[in-house]
1. Tell me the residue from ARG42, ARG18 that is among the basic types (Lys, Arg), outside the structural domain of VAL106 (by TED's automatic domain parsing) and more than 12 Å from the chain's Cα centre (by Cα), please.
2. Quick check on my filter: what residues within the range 88-110 are hydrophobic (A, V, I, L, M, F, W, C) and out of contact with any Pro (no Cβ under 9 Å at 6 or more places or on another chain)?
3. Kindly indicate whether any position in the range 43-50 is part of a loop (DSSP other than H, G, I, E, B), at pLDDT 90 or above and surrounded by fewer than 14 Cβ atoms within 10 Å (Cβ to Cβ).
4. Against the condition acidic (Asp, Glu) and either part of a strand (DSSP E or B) or modelled with pLDDT of 90 or more (or both), how does ASP85 come out, does it pass?
5. Suppose we filter the range 53-64 for residues that are under 18 Å from VAL108 (Cα atoms) and in contact (Cβ under 8 Å) with a residue 12 or more places away in the chain; how many remain?
6. Among all residue pairs at least 6 apart or on different chains, which show Cβ distances below 7 Å where the first residue, located in the range 91-103, is over 30 Å from PRO127 (Cβ atoms) and the second is crowded, with 16+ Cβ neighbours inside 10 Å?
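The values are calculated or read from the model by the stated rules, or taken from the named source; none is laboratory data. Quick caveat, the model's predicted, so the values are computed rather than measured. With ideal geometry, Cβ positions are generated from the backbone for all residues, glycine too; neighbour counts draw on all protein chains shown.
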Amino acid sequence: MNRFDFTPYRRSMVGFDRLFDLLENQARQSGDNYPPFNIERRGQDAYRITLAVAGFKPADIDITAQQNLLVVQGRKPDPASAEGDFLHVGIAQRGFERRFELADYVRVESAQLEDGLLVIDLVREVPEAMKPKKIAINGQPSLTVVEGGDTQAA
């Protein structure tokens, strides 16, 4: 396994500690790929995470959104309580925990479980105060908000 040493970058880059910590934590994770998932970009500020959670009911899944972290946990009831005796178990019956690091201002918009797929929609909402603004020169009264390279009158 290749380990990347961020020490030289930490010495010369101020304020990027969180980014380096995220990269180092990703490298340390064991590589458990259960349940499989997709991450897609659905627009400039919209994302979707889809997890394959066959056999899980909505009551078996917990979704927790914290600042910059989304945690999806699945817990299956005890298989001993199921009716009948299984001769072969090919469908995963284990619980899981999947963590997703979220960028600033990304929030969970909705979550749906249908046909064995858990779909979580995310949206990025940058506060108006954090958006870049053009400043007028020589006291001209109009300020414009910069969005996607275009300017609009505010």
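1. The match here is ARG18.
2. ILE91, PHE100, LEU102, ALA103, VAL106, VAL108
3. Yes, the range 43-50 has at least one match.
4. no
5. 4
6. GLY95/GLY74; PHE96/PRO35; PHE96/GLY74
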